Amino acid sequence: GGRTRRWARKPDPAEIIQRANSAVRRLKSRGDERFIAAVRGALSLRSRRVPKQTEALARLWWPLVLSTNYDSCFASAFERWYPARRLEVLGRGPADCQRALNSLTSSGHSALWALQGYLGSPCATQRSLVSHGLERELVVGHDEYRRVTYRDLHFRRAFAEVFRSRSLFFVGSGIRETYLQELF
């Protein structure tokens, strides 16, 4: 419901994580479409413009970009800076993980590997090749991060291979992020 509670004290981080996990479970129990709509609504931007930081990052050509963002801002900026190239947006499925690994040794499409799912909004994209069903791969909350990490062995192996064979440049997160540590 729409109840608002006032807390007498500031909750500790573990309590916040517990509440978030509970909220995600309740939303998911109402079905995928409602969960996706809730995440999309929670992340909606007032502006459909690409943030300046994302624009600057996209100016540099990267053969493979790993992202924990759900939005299409990087894809939109990439299309602006590289109009002759296509960006392939990949998820965690076995075929997508193989494509991410292939991008390490081939000079085909550039790839955005959406590690936590992909909503394909709010920024408009025209040419990006988005794998089917990435909205259903949304990962929200620590429990889900752990579950995905341990359940999807092909994903964990592909991520480990990228980690072993390439240097990673972290923007907005880091190696200490719990989700990434779980992958290692």
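The values are calculated or read from the model by the stated rules, or taken from the named source; none is laboratory data. What you are looking at is a predicted structure, and each value in this text was computed from that prediction instead of being measured. All Cβ positions, glycine included, derive from the backbone under ideal geometry; neighbour counts span all protein chains shown. We work out accessible area using only protein heavy atoms, side chains counted, and drop any ligands, DNA or RNA first. Shrake-Rupley method; radii C 1.70, N 1.55, O 1.52, S 1.80 Å.
Gain in length, PHE169 to THR68, computed as 0.36 nm per residue apart minus the alpha-carbon separation, to one decimal in nm?
Full-extension gain reported as 35.1 nm.
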For this session: Using a Gaussian network model of the chain whose springs link C-alpha atoms within less than 10 Å, name the residue from ARG40, ARG85, ARG26 with the highest mean-square fluctuation.
Result: ARG26
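Can you give the accessible area per residue of the chain, in Å², using a 1.4 Å probe?
Numbers: 11670 Å² over 184 residues.
Counting only protein heavy atoms, the per-residue value for the chain is 63 Å².
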Exercise. Rounded if a/c is under 1.5, else prolate if a/b is larger than b/c, else oblate: which is the stretch 41-115, with a ≥ b ≥ c the root eigenvalues of its Cα gyration tensor?
Worked result: oblate
Exercise. Of the heavy-atom accessible surface of the chain (probe 1.4 angstrom), what whole percent is carbon and sulfur?
Worked result: 51
Seminar exercise, completed: Spelling it out for LEU112: with amide H atoms placed in the peptide plane at 1.01 Å from N, the residues 5 or more places away or on another chain with amide H under 5 Å from its amide H are VAL65, GLU88, VAL89, LEU90
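Quick check: residue separation of ALA95 and TYR82 times 0.36 nm, minus the Cα distance between them. What number comes out in nm? Mind showing how you got there, number by number?
Numbers: separation 13, 0.36 × 13 = 4.68 nm, distance 2.52 nm.
Here the answer is 2.2 nm.
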Problem set entry | Where labels lie 7 Å past Cα in the beta-carbon direction, separation of ARG25 and HIS154 in nm | 2.9
For this session: State whether the chain is rounded, prolate or oblate according to the following rule on the C-alpha gyration tensor (a ≥ b ≥ c being the square roots of its eigenvalues): a/c under 1.5 gives rounded; otherwise a/b larger than b/c gives prolate, and the remaining case gives oblate.
Result: prolate
Seminar exercise, completed: Out of TYR118, TYR70, TYR82, a Gaussian network model of the chain with alpha-carbon springs under 10 Å gives the largest mean-square fluctuation to TYR82
Exercise. Which residue, ASP152, ASP71, ASP96, tops the fluctuation ranking in a GNM of the chain built on C-alpha contacts under 10 Å?
Worked result: ASP152
Seminar exercise, completed: In nm, the gap between the two label points placed 7 Å beyond Cα toward Cβ at ALA124 and LEU60 is 2.9
